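Every number here is computed from the coordinates shown, using simple stated rules; none is lab data. In this text, all values refer to a predicted model and were calculated from it rather than measured experimentally. A quick note on method: Cβ atoms are made from the backbone with ideal geometry, for glycine too, and the neighbour counts reach across all protein chains shown.
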Amino acid sequence: MPRLNYPKITKGDAIAALLKQYSKEPQFMKEWAAIREPYFDVLTKFAEDGLMFFKQGNITPAEYYQDLIDYYKNEGKEDPFPADKFGYLSELQPYFDNLGELAYKWKLKAPWAVGTLYISDLINLLKHNGLPDEIDIPIEDLELIYPWEAPLPPLKIEVFAWAIILSGRQAVQNEINKKLREYESQIKIKGLHEYPSSLDKHAKWWFEHYVHHKTYDEIAQLEIHTPGGSLISYARNVGAAVRNFARLIGIKAANVE
């Protein structure tokens, strides 16, 4: 069974796919680097201090996220990232202002734009200092990473030694697969459907349309490869995909036309 679509996670994936397109645009990357350069040392310090905060703070990213939400709702929680330890962040205000101008100029007119560019800077700085490109997270720790409520409690399966001894590994695996299929079906009943295909392609089409100002017909001409295929029909598909992608990432067409 393919992945399921948890909307908040899928939106993050779509934004990441779009940023991949921006990372291929030399002028955008040049302007972004120029904004970052004067604040390189401060950003590096905060990236390292922030990583140490999670290592030593006995708090998971999911718990931090919820504490932060409660803090801004004035529910009596203390700031989970105490300002007195990170007072030097006030030096970054011009950096954030410039990121906002960059995002606006390059059609990233969404509430998440500045924060996403900022987090990308921090992650890239940590990678530069040795953070691996990919980190394997054990499945039992995923609840600690994602701050949103899961649609169902965890599926727990116990395998006793007698099952292996009497029935063999294959029979046990078949039983586990059956339970997994039932669990997946229960998740889908909660309203989660299959993960959208072609996010990367649709991010590229959005970028070509809104940043490079290509029409849907022009994008279709670049994409269509099947002999005898209908260019008009394909252009309609491109248009629908671009509009759906825009809704997914939360950028209104009126803001970027």
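Per residue of the range 152-163, what does 6.51 cos²θ - 1.76 cosθ + 1.60 with θ = phi - 60° give for ³J(HN,Hα)? Whole Hz please, x for Gly and Pro, Karplus curve as stated.
9, x, x, 7, 10, 10, 10, 10, 8, 4, 4, 5
What's the ranking of 241-249, 152-160, 98-106 by average number of surrounding C-beta atoms within 10 Å, highest first?
Ranking the peptides 241-249, 152-160, 98-106 by packing returns 241-249, 98-106, 152-160.
Would you mind computing, in nm to one decimal, how far apart the modelled labels at S198 and I119 are, each placed 7 Å from Cα along Cα→Cβ?
With each label placed 7 Å out from Cα toward Cβ, I get 2.7 nm.
If amide hydrogens are placed 1.01 Å from N in the peptide plane, which non-local residues have theirs closer than 5 Å to the one on L4?
Here the answer is Y195, since their amide H atoms fall under 5 Å of that of L4.
Subtract the Cα-Cα distance of V159 and Q173 from 0.36 nm times their separation in residues, and report this length gain in nm to one decimal.
In short, 4.1 nm is gained.
Roughly how big is the range 157-203's charge dipole about its Cα centre, with Cβ charges of +1 (Lys, Arg) and -1 (Asp, Glu), in debye to the nearest 20?
Its charge dipole is roughly 60 debye.
Tell me, E149, E208, E91 in order of fewest to most beta-carbon neighbours within 10 Å?
If I rank by nearby Cβ atoms, fewest first, I get E149, E91, E208.
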